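Down below is the structure, laid out as structure tokens.
The values are calculated or read from the model by the stated rules, or taken from the named source; none is laboratory data. Quick caveat: nothing in here was measured; it's all calculated off a predicted structure. Cβ atoms come from the backbone with ideal geometry, glycine included; neighbour counts cover every protein chain shown. For the accessible areas, the whole protein counts, side chains as well, though only heavy atoms, and no ligand, DNA or RNA atoms are used. Shrake-Rupley method; radii C 1.70, N 1.55, O 1.52, S 1.80 Å.
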Amino acid sequence: MLTARLTIDPHFTVGTVNRRLFGSFVEHLGRCVYDGIYEPGHETADDEGFRGDVIELVKELGVSAIRYPGGNFVSGFRWEDSVGPVAERPRRLDLAWHSTETNEVGLHEFSSWLRKVDSELMLAINLGTRGTLEALDILEYCNITSGTALSDQRIANGATDPFGVAMWCLGNEMDGPWQLGHRSAEDYGKIASRTAKAMRQVDPSLELVVCGSSSAHMPTFGEWERVVLTHTYEDVDYISCHAYYEEKDGDLASFLASAVDMDRFIESVVATADHVKAVLGSDKTINISFDEWNVWYIERYHGVDKIEGLDNWPVAPRLLEDAYSVADAVVFGSLLISLLKHADRVTSASLAQLVNVIAPIMTEPGGPAWRQTTFFPFAVTSRLATGRALEVKLETPTYATTVYGEVPVVDAVATSDPETGLTSVFLVNRSQTDEVTVTISVPALGDVAVREAHTLADADSTASNTLADRERVGLVKNTSVSVVGDEVTVVLPPISWTAISLG
Ligand code: AHR
């Protein structure tokens, strides 16, 4: 039996937990939109064709802002195709995913769906195959109240009120050779700066995200951030980070420690942004929009669902439909812990993605929708991690990994909400064999009682929820939690994620 000790004091804060940390991402990719959020013939579909069962699950997940419409898709996207009478919208080749985009769901429909799920729109613009003028056009269409060609066109298309989009991503993964319109950091930095300046001439209050690296393992990582921020520092508010993790070569020990990589990634980007700040003598601070993160089996399924052929461009094919295991959900929960530990600088994040495509929610056409294992850590963290993220003191055993060296067996973070008086603790146990008894010392909290304690674990860490067995994995109440004086004790099973709420 292993032991660990965690000390929590609400006076030691990292930063406010921005609700935007619990954002997600809907891309026109595979069955995320079509057969995902939208399936007109489905028995739960509303009068706009949106699946009611999916709407309910998205609300339960607790998603704040949603990045849209891509992803790689956005670099070939002509936004004008996605507005106006649906019957007149063109069908287009989507080069990113070798599919046909019907444009049946576009800006208006997606905005309407967002209202149903109580989420904010975070719009990505195409800086791959398009430029500043098109960015200004979509901004005018979305945000100007009336009296101009494009705002009046929006009104004629049925939206009297502007969409009021606050947060805009200046392209997507422009460092990636796979990206349509991929550029050097110099070239991208210049077009991003020009576009940001032009957009701010329309509305200085916009929140703008410049593309960082598509992974910390890109050959240009670090230098890309430095060059791009040198061009755009005063023009933008955020730099993006993207990271996907997977178990490689059967190395579960390293995979379970993926959040170590996320911690280092965030800290490197913060250091680079602050370096540029110092060089420029700026008093402005750039924060991180971690606008793609998840577990994704890119290598395991590499090429498996690849579509090819000059005349083979299917509509909504099954792509990237990873089924997540308990171990995946534990890693996923630890990635949320990493984001919270850096809440002072990571003030926006988007789980990539939301439905069917590397997603917490799966659907079957004409059939049910269900929660993947990753649904649970997200929903609980989104609900309980409010107020301020705390700097905790953690004493834990360590273990050796091939990829990250010696890493902590337990990882943890806590939040404290002065408004509700609740303190929440999120923990993972990365040991594959041992339970860990964690003593949580809370002398500064006064008398505490356990409000909730949930654990995700299973004797079979490969178990997942599937169409055939949709509720195989779920949260269980952690009955080991006890309070004695100013100490809370909890037992964490091997390969597990736990959340405790104290009041
Ligand atoms: O989320 C899937 C893809 O991953 C996105 O389209 C792209 O931005 C990233 O490479």
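Do we have Gly158 as within 16 Å of the ligand (Cβ to nearest atom) and either open to solvent by less than 50 Å² (accessible area, probe 1.4 Å) or in a loop (DSSP other than H, G, I, E, B) (or both) here?
no
Would you confirm whether any residue within the stretch 394-403 is touching a strand residue (DSSP E or B) at 6+ places or on another chain (Cβ under 9 Å), modelled with pLDDT of 95 or more, open to solvent by less than 20 Å² (accessible area, probe 1.4 Å) and closer than 16 Å to Leu492 by Cβ?
no
Inside the stretch 107-120, can you point out the residues that are without any contact (Cβ under 8 Å) to a residue 60 or more places away in the chain and buried (at least 22 other Cβ atoms within 10 Å of the Cβ)?
Leu107
Quick one: in the stretch 15-38, of everything that is open to solvent by less than 20 Å² (accessible area, probe 1.4 Å) and away from the ligand (no atom under 16 Å from the Cβ), which residue is farthest from Phe77 (Cα to Cα)? Break it down into steps so the answer makes sense when it comes.
Our first condition is that a residue be open to solvent by less than 20 Å² (accessible area, probe 1.4 Å); within the stretch 15-38, this holds for 15, 17, 21-33, 36-37.
Those still in the list that are away from the ligand (no atom under 16 Å from the Cβ) too: 15, 17, 21-22.
On the way: Gly15: 37, Val17: 33, Leu21: 26, Phe22: 26 Å.
Step by step, filter the stretch 15-38, then rank; the result is Gly15.
Looking at Gly164, is it assigned to a loop (DSSP other than H, G, I, E, B), within 16 Å of the ligand (Cβ to nearest atom) and open to solvent by less than 60 Å² (accessible area, probe 1.4 Å)?
Numbers: assigned to a loop (DSSP other than H, G, I, E, B): yes; within 16 Å of the ligand (Cβ to nearest atom): no; open to solvent by less than 60 Å² (accessible area, probe 1.4 Å): yes.
So Gly164 does not fit the description; no.
Any residue at all in the stretch 222-243 that is open to solvent by less than 20 Å² (accessible area, probe 1.4 Å), touching a His at 6+ places or on another chain (Cβ under 8 Å) and either within 15 Å of the ligand (Cβ to nearest atom) or closer than 23 Å to Glu120 by Cα (or both)?
no
Which ones in the stretch 475-502 are part of a loop (DSSP other than H, G, I, E, B), open to solvent by 30 Å² or more (accessible area, probe 1.4 Å) and not charged (D, E, K, R)?
Narrowing the stretch 475-502 to residues part of a loop (DSSP other than H, G, I, E, B): 475, 478-481, 485-486, 493-495.
Narrowing further to those that are open to solvent by 30 Å² or more (accessible area, probe 1.4 Å): 475, 479-480, 485-486, 493-494.
Of everything in the stretch 475-502, those that are part of a loop (DSSP other than H, G, I, E, B), open to solvent by 30 Å² or more (accessible area, probe 1.4 Å) and not charged (D, E, K, R) turn out to be Leu475, Thr479, Ser480, Gly485, Pro493, Pro494.
Identify all residues within the stretch 244-275 that are of a type in the set (Gly, Ala, Ser), more than 16 Å from Val210 (Cα to Cα) and buried (at least 20 other Cβ atoms within 10 Å of the Cβ); write none if there are none.
First, pick out the residues of the stretch 244-275 that are of a type in the set (Gly, Ala, Ser): 250, 253-254, 257-259, 268, 271, 273.
Those left that are additionally more than 16 Å from Val210 (Cα to Cα): 250, 253-254, 257-259, 268, 271.
Ser254, Ala257, Ser258, Ala259 - these are the residues of the stretch 244-275 that are of a type in the set (Gly, Ala, Ser), more than 16 Å from Val210 (Cα to Cα) and buried (at least 20 other Cβ atoms within 10 Å of the Cβ).
Cβ-Cβ under 6 Å, sequence separation 6+ or interchain: first residue in the stretch 69-89 and closer than 16 Å to Ala159 by Cα, partner assigned to a loop (DSSP other than H, G, I, E, B) and open to solvent by 30 Å² or more (accessible area, probe 1.4 Å). Which pairs?
Val83/Asn157; Gly84/Asn157; Val86/Glu104
Only residues that are open to solvent by 10 Å² or more (accessible area, probe 1.4 Å), away from the ligand (no atom under 16 Å from the Cβ) and not small (Gly, Ala, Ser): list them for the stretch 167-214, please.
Glu186, Asp187, Lys190, Ile191, Arg194, Lys197, Arg200, Gln201, Val202, Asp203, Pro204, Glu207
Regarding Arg5, is this residue in contact (Cβ under 8 Å) with a residue 24 or more places away in the chain, more than 16 Å from the ligand (Cβ to nearest atom) and either open to solvent by 10 Å² or more (accessible area, probe 1.4 Å) or not aromatic (Phe, Trp, Tyr) (or both)?
Numbers: in contact (Cβ under 8 Å) with a residue 24 or more places away in the chain: yes; more than 16 Å from the ligand (Cβ to nearest atom): yes; either open to solvent by 10 Å² or more (accessible area, probe 1.4 Å) or not aromatic (Phe, Trp, Tyr) (or both): yes.
Yes, satisfied.
Tell me which residues, restricted to the stretch 244-287, are within 16 Å of the ligand (Cβ to nearest atom) and over 12 Å from Ala216 (Cβ atoms).
Glu246
If you check Thr439, Thr433, Thr420, Thr381, which single one turns out to be in a loop (DSSP other than H, G, I, E, B) and under 26 Å from Ala253 (Cα atoms)?
Sole residue among the options that is in a loop (DSSP other than H, G, I, E, B) and under 26 Å from Ala253 (Cα atoms): Thr433.
Looking at Glu299, Glu321, can you tell me which residue is within 17 Å of the chain's Cα centre (by Cα) and under 22 Å from Leu95 (Cα atoms)?
Selected residue: Glu321, the only one of Glu299, Glu321 that is within 17 Å of the chain's Cα centre (by Cα) and under 22 Å from Leu95 (Cα atoms).
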